[in-house]
10 protein chains.
Amino acid sequence: MLFAVTMDVALPQDMESDLRADTLAREKAYSQDLQRAGEWVSIWRCVGQYSNLSIFDVRDNERLHEILWNLPLFPFMTIQVTPLAQHPSDIAAG
Amino acid sequence: MLFAVTMDVALPQDMESDLRADTLAREKAYSQDLQRAGEWVSIWRCVGQYSNLSIFDVRDNERLHEILWNLPLFPFMTIQVTPLAQHPSDIAAG
Amino acid sequence: MLFAVTMDVALPQDMESDLRADTLAREKAYSQDLQRAGEWVSIWRCVGQYSNLSIFDVRDNERLHEILWNLPLFPFMTIQVTPLAQHPSDIAAG
Amino acid sequence: MLFAVTMDVALPQDMESDLRADTLAREKAYSQDLQRAGEWVSIWRCVGQYSNLSIFDVRDNERLHEILWNLPLFPFMTIQVTPLAQHPSDIAAG
Amino acid sequence: MLFAVTMDVALPQDMESDLRADTLAREKAYSQDLQRAGEWVSIWRCVGQYSNLSIFDVRDNERLHEILWNLPLFPFMTIQVTPLAQHPSDIAAG
Amino acid sequence: MLFAVTMDVALPQDMESDLRADTLAREKAYSQDLQRAGEWVSIWRCVGQYSNLSIFDVRDNERLHEILWNLPLFPFMTIQVTPLAQHPSDIAAG
Amino acid sequence: MLFAVTMDVALPQDMESDLRADTLAREKAYSQDLQRAGEWVSIWRCVGQYSNLSIFDVRDNERLHEILWNLPLFPFMTIQVTPLAQHPSDIAAG
Amino acid sequence: MLFAVTMDVALPQDMESDLRADTLAREKAYSQDLQRAGEWVSIWRCVGQYSNLSIFDVRDNERLHEILWNLPLFPFMTIQVTPLAQHPSDIAAG
Amino acid sequence: MLFAVTMDVALPQDMESDLRADTLAREKAYSQDLQRAGEWVSIWRCVGQYSNLSIFDVRDNERLHEILWNLPLFPFMTIQVTPLAQHPSDIAAG
Amino acid sequence: MLFAVTMDVALPQDMESDLRADTLAREKAYSQDLQRAGEWVSIWRCVGQYSNLSIFDVRDNERLHEILWNLPLFPFMTIQVTPLAQHPSDIAAG
């Protein structure tokens, strides 16, 4: 089941640099694990923004929330979720 | 070069039904040609909306505008364009 | 899988009265069939608005889109979809 | 009398962890007491958000305000209240 | 139970003048009946706007919706409803 | 001359508790003096919000500004002012 | 008593040309009469907009509403009203 | 050349009181010098707001920016600039 | 004196095709005359929009308004005007 | 490939003055290097704002993101990106 998710990041300007580096490293590892597992299908940087647009393919709403809630950067993110369905013009629709 | 594009469609409620059917058929053919050519990479329906989220992979801004401007539904669409770049957490980034 | 959906209705002021009555009757029957089937769990009127707040319990995103897209009033509605998950404070969570 | 209420939570990033844990525990107990009493009818997590959508069934406006004002997380919440009425398509309307 | 309600009116510019006069006369009579009955407590014109701010004192949400839904101008109105409670600084609070 | 005023309060989360208590006490006294004087005609709590809706009856714009500017909570408020006039449907209009 | 008022004009694109010319002529005469009477103190065109920013000096709210409500272009305007008071830095404040 | 400018002030709540008093005194002197020089034509307080609406008559855009950028309160202001032109209904237009 | 101007075009969907072609031709000629005269410095299409971003270099506000007001597409445009000044980092600033 | 970019700057009010001066100096040098290289084509100050409007001419989206992400003021900026294409009325279009 597909969802488009945009994540805007706003780190506190006084965030301690070790904590910052550690949080970013954990975020990257967390994301890449889910990419390898096939649940985090795509991730793109939005040009000029500290934001990404991602596509998730998950079992259900519960699983999507579990993934997003546990993002190391979750407390610093504004997140927007759009449920997706197959488009009738999609050539993959057969 | 990648772009995320959302297209919200609002057909006039008094649109003549033949014109409507013809426009939708031309829109579908137009989209599928570009999908087969590899420029219109993905198209998803946004659940509960007469809208799609699409990913385009085009040569440059000029080409993206040419594609969007010539959509048969263009006069009836509100379009939002987001330029994308590779995300540093993308496992495809190597 | 649960979703909250708000539907705001704006009928054209010059809508022919028979068409209007027929569309509303079909909308009501459509909604009640889905309520009896257990997919349209709740529907409330928002006070002072030609709007409803509804809860759906459906198999997946595809099914939710199919239901909403086929609403007789769909061409006259502005729809907002919020995917829901179980809340940790819900006493039903055990 | 029914109301839909959305609550968006924004805890200060420097909130002391004991205070945080205590506030969240009190919030959960407070919510569950009202759920058991039948006034807080439903609570769902909005996917990807530190937010909930809740349905309240209360005596009147005064009681709803009393409940919301005394939420342990009230000082950290943005709250939106929508009064609800029975929908004419509700199969429970008889 | 008190509610603040704002009503913004937008009559179609091509509305037939007899219909317009009749609708406005029925709106005025409807409002004045409810004022005399004590449910429509106050009505003020917002300066420079085709809008009013009103205070209603009604039995419950159902009754407020019934009143608003049956306004002769309802199809031409944008309505905003704010439930009110007693303010702790109100000298009438005793 | 009547005005509707909404006041949304946002106290700093680290406000010292004595200062907070004192400011609130002064706000209440200030409001009640003006209520007794007949200038602050009504004050209601907006349900679920740290906000009030008030009606003022003052000599002129200067006097309204003087009252609002000197509210003990003014530095913590977002204020919206709507000038009111008599509504032609008001039964008090004669 | 001073007010700033912005008026945005949107004439229907199919407005009959005689009616249009007549309405604009009446608007101009109406405005100039009030300017000569000293109630419509200033009127400026907002650059690139079919809008004006005006300053009114009127007896009270009732009079301002009467003036605005009777503008020949009122049915085609979106109006915003800001009550003004003397600024403490105004050199005219003495 | 005329411009309408609105300035909304938001002083930090922990601003040291001497700095605050000094900044406000410098702002007042700065504004009054420009009023006397004829560049800052009008300044009004917006009722109930820590805001002003001002009219400037300056040589060009560069000069307006120079004036605004050097306001002692500039770092604490949200500023909106509207270029003005003579209105065809202005009786001063001859 | 420089201004950035964005123009969003919305032609009526039932606009007669000859009128449409004629209006667009006149708009193009009008724009190109001003480009050759050096007042309309730049014009770019915003990708995926029926919009342009333009830079004007004009004598004063009056002249900019005159240019925009007389655009053949003016009745169909939403226009936004931003006055510009030299940036201190501009290498042309010397 | 052309892009319009607006950058709104909000420096923390308690930013240490040496850090502030150093950051601004690095920002200026960074911008001027790119201007000399031909990638940062234009930069204008928006009048009355701590903002600029810039035109970039870059190889692709990746390069634009690289430039913006490495702005010394990036952590303090709100950035808006608009991809541009040649306008059919541009006299340079031949």
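Quick notes on this structure:
- Test: residue in the stretch B:25-42 that is of a type in the set (Gly, Ala, Ser) and in contact with a helix residue (DSSP H, G or I) (Cβ under 6 Å, 6 or more places away or on another chain): no
- Residue within the stretch F:65-79 that is closer than 19 Å to E:Ser42 by Cβ and in contact with a Pro (Cβ under 8 Å, 6 or more places away or on another chain) present: no
- Search result, residues across the stretch B:4-22 that are within 30 Å of A:Asn52 (Cβ to Cβ) and at pLDDT below 95: none
- Scanning the stretch G:28-64 for residues that are within 23 Å of E:Arg45 (Cα to Cα) and of a type in the set (D, E, K, R) gives G:Glu39, G:Asp57, G:Arg59, G:Asp60, G:Glu62, G:Arg63.
- Pairs meeting the criteria (first residue in the stretch A:22-35 and at positive phi, second residue crowded, with 16+ Cβ neighbours inside 10 Å and in a helix (DSSP H, G or I), beta carbons under 9 Å, at least 6 apart or on different chains) are lacking.
Residue-wise test of (1) more than 11 Å from the chain's Cα centre (by Cα); (2) closer than 30 Å to H:Leu11 by Cβ; (3) of a type in the set (Lys, Arg).
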site	(1), (2), (3)
J:Ala4	no, no, no
J:Asp14	yes, yes, no
J:Leu24	yes, yes, no
J:Ala37	yes, no, no
J:Ser42	no, no, no
J:Val47	yes, yes, no
J:Arg63	yes, no, yes
J:Asn70	no, no, no
J:Gln86	yes, no, no
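- Among the conditions (1) of a type in the set (Gly, Ala, Ser); (2) on the phi < 0 side of the Ramachandran plot; (3) without any contact (Cβ under 8 Å) to a residue 12 or more places away in the chain, E:Ser54 misses just one, which is (3).
- Selection count where residues are closer than 19 Å to C:Leu68 by Cβ and in contact with a Lys or Arg (Cβ under 9 Å, 6 or more places away or on another chain), scope the stretch A:62-94: 7
- All conditions but one from (1) farther than 28 Å from A:Met1 by Cβ; (2) touching a strand residue (DSSP E or B) at 6+ places or on another chain (Cβ under 9 Å); (3) modelled with pLDDT under 95 apply to C:Ala92; the one that does not is (1).
The values are calculated or read from the model by the stated rules, or taken from the named source; none is laboratory data. Predicted model only: the values in this text are computed from it and were never measured. Positions of Cβ are backbone-derived with ideal geometry, glycine not excepted, and every protein chain shown enters the neighbour counts.
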